[in-house]
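I have placed the structure first, in the form of structure tokens, so that the comments after it can refer back to it.
The values are calculated or read from the model by the stated rules, or taken from the named source; none is laboratory data. Computed from a predicted structure; not experimentally measured. Positions of Cβ are generated from backbone atoms using ideal geometry, with glycine treated the same way; all protein chains shown enter the neighbour counts. Ligands, DNA and RNA are excluded from the accessible area calculation, which covers all protein heavy atoms including side chains. Shrake-Rupley method; radii C 1.70, N 1.55, O 1.52, S 1.80 Å.
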Amino acid sequence: MTKIAFVGFGGVGQALAEILQERKEHLDSSYGLEAEVVAVTDMMKGAVYKPDGLDIEQLLEVVRETGNVENYPDGPGVTKGLDSMATIQQTNADMIVEVTFTDVETGQPAIDHCRAAFENGKSVVTTNKGPVALAYEELSKLADENGAYWGFEGTVMSGTPALRMPVATLAGNEITEIKGILNGTTNYILTEMEKGNSYQEALKKAKELGYAEADPTNDVEGYDARYKAAILSGYLMGTPIASNDIPCKGISDMTLDMVNDALEQNKKWRLLAQVKKENGTVTASVEPQLLDADDPLAGVTGATNAILYECDLAGPIMLTGAGAGLKETGFSLLIDLIDYQRQKTKEKI
Ligand code: HSE
């Protein structure tokens, strides 16, 4: 039995709760994952804890209808109002699903949440980029020392397995370079500009469709892709690089003329995050690059993400799929939970 506490219960957390509820039988019979949600704590939506398990359907109904999990029915063993630290430290949860609204520049409060969980021997799955981009070495060491699991598949390309796929199935190759379209907003803007829309029009549409944040600076200046490049460097290339040390240029000064000039030369602009290993040294960068129109990455359009691994034995391998979305990001947490269960039972894949 895996006892789960949700720290943060926005759209992504709720999407995972829904998946756990809908696939309960399948997750148990196919993977031995018996997940029980014992606690939820959220800055805006309150907190509820029941050591022998909350009714997920009821929990979701309460949060959807009232916006506050403290409207969950009272009853024997039900406690309300625990904050995130108390939930991590004092409940009987052994798995913390960390999906708070975190400031990616400081990585907080997610970094403190991961730290507290590991110090208490509890495992964490998270979609927050900050802890992995900014504190990978410290937190992975702490998790190891305390026998805890740390999963963060959703930090790069949400439910498209950009992290676990290479670790699990490209093992044995040396990966010499990773490059990818890791930000959906900017790829959407660039491909809209290829259809003749101005940068401003395309950005407005990206906001309307929910790809870009209300303040899209992190997207258009390349910072979001830069955090992801830092994660790839630390996790897949074994060399943590501080994201601030990664040269970064976004697409905010891209004009329709530049896009059209490229098309006339049968080329396309794409914002690429790149991590390279040369003579044992790993470097990373984020910048718009001019690609031949028949380059596989140039063919990636709209908000879709893609990543290409240059492998010394297998050659180039490309993975493409969603880079955001509630269900997709909820699924990324499920991949981690299943991996956790497999590691616990030493099941081979
Ligand atoms: N704003 C991001 C994007 C979402 O556009 O790809 C996931 O980090």
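Those helices (runs of 4 or more DSSP H) of the range 132-231 in which at least 3 residues are in contact with a helix residue (DSSP H, G or I) (Cβ under 7 Å, 6 or more places away or on another chain) and within 16 Å of the ligand (Cβ to nearest atom), considering only elements entirely within it, cover 184-194, 199-208, 217-220.
Of everything listed in (1) open to solvent by less than 30 Å² (accessible area, probe 1.4 Å); (2) out of contact with any Pro (no Cβ under 8 Å at 6 or more places or on another chain), the single unmet condition for residue 139 is (2).
What helices (runs of 4 or more DSSP H) completely inside the range 1-113 contain at least 2 residues that are in contact with a Ser or Thr (Cβ under 9 Å, 6 or more places away or on another chain) and crowded, with 20+ Cβ neighbours inside 10 Å? Before you say what the answer is, go through the steps one by one.
Values: elements: 11-22, 24-31, 56-66, 84-90.
By residue number, 11-22, 84-90.
Among the residues of the range 212-244, the one identified as among the polar types (S, T, N, Q), open to solvent by 10 Å² or more (accessible area, probe 1.4 Å) and closer than 18 Å to residue 167 by Cβ is 239.
Cβ-Cβ distances below 6 Å connect the following pairs, each with a first residue in the range 208-220 that is in contact (Cβ under 8 Å) with a residue 12 or more places away in the chain, a second residue that is more than 7 Å from the ligand (Cβ to nearest atom) and not in a helix (DSSP H, G or I), and a separation of six or more residues or different chains: 220/250; 220/251; 220/252.
Being modelled with pLDDT of 95 or more and in the same structural domain as residue 13 (by TED's automatic domain parsing) narrows it down to one residue among 172, 151, 130; which is it? Give the steps one after another, and end with the answer.
Working: 172 fails: in the same structural domain as residue 13 (by TED's automatic domain parsing); 130 fails: modelled with pLDDT of 95 or more.
Answer to the selection: 151.
Within the range 255-269, not a single residue is within 16 Å of the ligand (Cβ to nearest atom) and at pLDDT 95 or above.
In the set 209, 297, 232, only one residue is under 22 Å from residue 132 (Cβ atoms) and either in the same structural domain as residue 127 (by TED's automatic domain parsing) or not small (Gly, Ala, Ser) (or both); that residue is 232.
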